[in-house]
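So the structure is just underneath, and the comments pick up after that.
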Amino acid sequence: MMHLLAVKRLIRLCGATMLMAAVCLGQAAPAKKAYTFHGKVEAVNVGANSLTVNGEKVEGWMDAMTMGYKVDDPAVLKIIKAGDQITATVYEGDMTLHKVQVVPKGSGDSKSKK
Ligand SMILES: [Cu+2]
């Protein structure tokens, strides 16, 4: 769905407008379509405030692929480790992971690999 070039451009754009975005997010934004994202963390990029995630396909948002995603809250980068399964809320036209949560190991679909 989203090509790498477009994503890179978006990330650069995000960096330039981070401050503005932060301000915007603090306001009541018009409701955008939200999706639940599932994936496995491949790397935690603290400097870039992003996670490299092997994500499952989210219909209408992103194909299954491994790529870097910005996170809404830098604090999550201190909690999350490579290898963690995560879920996050994502929004239409926005590659940022919101409300990132680690899926507890041994719960649900992770097939008994400790
Ligand atoms: Cu992508």
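Suppose R0 equals 22 Å. What FRET efficiency, 1/(1 + (r/R0)^6) with r the Cβ-Cβ distance, do H38 and K81 give to the nearest 0.05?
On the way: r = 17 Å, r/R0 = 0.77.
Efficiency computed from Cβ-Cβ geometry: 0.85.
List the residues, sorted by chain then number, that are 5 or more residues from E42 or on another chain and whose placed amide H is less than 5 Å from its amide H.
Hits under the 5 Å cutoff: T52, V53, N54, G83.
Sorted by mean Cβ packing within 10 Å, highest first, what order do the peptides 77-87, 91-101 take? Write out the running numbers ahead of the final one.
Numbers: 77-87: 14.9, 91-101: 17.0.
Top of the packing list down: 91-101, 77-87.
None of the figures in this text is laboratory data; all of them are computed from the coordinates on show. Because the structure is a prediction, the values reported are computed rather than measured. In this analysis, Cβ positions are derived from the backbone assuming ideal geometry, glycine residues included, and neighbour counts consider all displayed protein chains.
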